[in-house]
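The values are calculated or read from the model by the stated rules, or taken from the named source; none is laboratory data. Bear in mind that the values here come from a model prediction, so they are computed numbers and not experimental data. Here Cβ is always computed from backbone atoms with ideal geometry, including for glycine, and neighbour counts include all displayed protein chains. Heavy atoms of the whole protein, side chains included, go into the accessibility calculation; ligands, DNA and RNA do not. Shrake-Rupley method; radii C 1.70, N 1.55, O 1.52, S 1.80 Å.
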Amino acid sequence: MRTDLFARLDREPEPPKIEIPRMSRTRLALFGGTAVFYVAIVVAVWASTWLVLVDWKVMLFRPYQQWPELHALLDYFVVLGQRGPTAVMVAAWLGWRSWRMHTLRPILALGVALLLLNVTVGSVKLGLGRLGPHYATQIGSAEMFAGGDIFPSGHTANAVVTWGILAYMATTPRTRRHLSALSATVSLGVGLTTVYLGTHWLSDVLLGWAAGLLILLALPWCEPLIARAESRLLELRDRRRARRRSLPSLPVAAGGPRPRQVPQAEPEPRGVPSGARGAVVRLGATLPAPASPARRRAASGSSPGGTGGSRTGAVRTGGREPVTPSGGGRSPGSRTMTGG
């Protein structure tokens, strides 16, 4: 007997009505405030302000040496911010949601969010070129434009986007609140873990949080593109299915080419005058087997032991040849003369 828990794992019979988030005033205000915070962090690091001094103080404090018992556990926890494992886990969940809800929107939204993450965070990393704490060369320096790729933190931004997309795709307000709290906790923990391990500056984590939040807040602007992509993909799927159904069933090929049928002449019927005999051609006709000698003698009226019995044949007047009952052709000595 099935319970409601397992029944909810089945595919819904009809596509549910999904409320797509819109760029409301509140979301627009959050987006603007986060963008200002993002620019402020970049300027503060670029100008080597107090934020850079805080970065150095935290780095020289070396948290991984202060609490070494947490090192083994946090080495595994930080994986929740790596792009490969998290993308696979979240894609599997959203793929199941797409199948259950008869829509491609969840998996397409994840693809768009990851694409924006790679483009924005990757370009800023390469453009600013900041070195990480383990590769710093001068105490108190911002280590900008030195060929690094550490600013902003990719682990932190990826944790915000991949776990935050679950809250973004929630269908009820209660689920959205719970998933938002969960994604915020995971992304905050991943960012602080990178600071503990010494792989990122504190300012890297702050900028990573802002970068991931900007992507989540900007997703409603991408909803028309997601809708067009979904419509296009479903249309291509329907065309492919229709093309498969319209293909005729091909006959199964034999072991080799079929033999060519040669027209054969139909055997001439008995009792027809030779002048009226016509060759009737049929495809695939077969010739009758030759008659045995006993049947030929019986047809000609000869006794089995006779050597030259009388031949009883229908004799035509007017000089025409008789037709032998055996249906054979004319023989040179079979002409019978009358009246003379």
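Overview of values
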| read-out | value |
| --- | --- |
| Subset of region 99-133 (residues that are touching a helix residue (DSSP H, G or I) at 6+ places or on another chain (Cβ under 8 Å), farther than 24 Å from Asp149 by Cα and surrounded by fewer than 19 Cβ atoms within 10 Å (Cβ to Cβ)) | Thr103 |
| Entirely in region 15-74, the helices (runs of 4 or more DSSP H) that have 3 or more residues that are among the small types (Gly, Ala, Ser) | 25-46 |
| Checklist (1) open to solvent by 10 Å² or more (accessible area, probe 1.4 Å); (2) β-branched (Val, Ile, Thr); (3) at pLDDT 90 or above applied to Thr172, failing item | (3) |
| Matching entry among Ala142, Ala170 (being assigned to a loop (DSSP other than H, G, I, E, B) and within 18 Å of Pro106 (Cβ to Cβ)) | Ala170 |
| Among the candidates Thr185, Thr199, residue that is outside any helix (DSSP H, G or I) and within 16 Å of Leu80 (Cα to Cα) | Thr199 |
| Top-ranked residue in region 220-241 [being within 19 Å of Ile20 (Cα to Cα) and among the acidic types (Asp, Glu); ranked as modelled with the highest pLDDT] | Glu223 |
| Residue in region 234-242 that is surrounded by fewer than 16 Cβ atoms within 10 Å (Cβ to Cβ), touching a residue at least 60 places away in the same chain (Cβ under 8 Å) and farther than 30 Å from Thr156 by Cβ present | yes |
| Test: residue in region 168-191 that is under 30 Å from Gln66 (Cα atoms), in contact (Cβ under 8 Å) with a residue 60 or more places away in the chain, out of contact with any strand residue (DSSP E or B) (no Cβ under 9 Å at 6 or more places or on another chain) and of a type in the set (A, V, I, L, M) | yes |
| Residue identified as touching an Asp or Glu at 6+ places or on another chain (Cβ under 8 Å) and under 24 Å from Ser153 (Cβ atoms) among Gly111, Gly129 | Gly129 |
| Residue pairs meeting the criteria (Cβ under 9 Å; at least 6 apart or on separate chains; first among the polar types (S, T, N, Q), in region 148-166; second assigned to a loop (DSSP other than H, G, I, E, B) and surrounded by fewer than 24 Cβ atoms within 10 Å (Cβ to Cβ)) | Ser153/Thr199; Asn158/Gln82 |
| Flag for Thr162 being buried (at least 21 other Cβ atoms within 10 Å of the Cβ) and over 30 Å from Ser48 (Cβ atoms) | yes |
| Selection within region 15-29 - more than 38 Å from the chain's Cα centre (by Cα) and either surrounded by 13 or more Cβ atoms within 10 Å (Cβ to Cβ) or hydroxyl-bearing (Ser, Thr, Tyr) (or both) | Thr26 |
| Lone qualifier among Ala72, Ala44 - being of a type in the set (A, V, I, L, M), open to solvent by less than 50 Å² (accessible area, probe 1.4 Å) and at pLDDT 90 or above | Ala44 |
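For every residue, the table says whether it meets (1) modelled with pLDDT of 90 or more; (2) open to solvent by less than 50 Å² (accessible area, probe 1.4 Å); (3) over 39 Å from the mean Cα position of the chain (by Cα).
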residue	(1), (2), (3)
Thr137	no, no, yes
Ala142	yes, yes, yes
Pro152	yes, yes, no
Ala157	yes, yes, no
Leu166	yes, yes, no
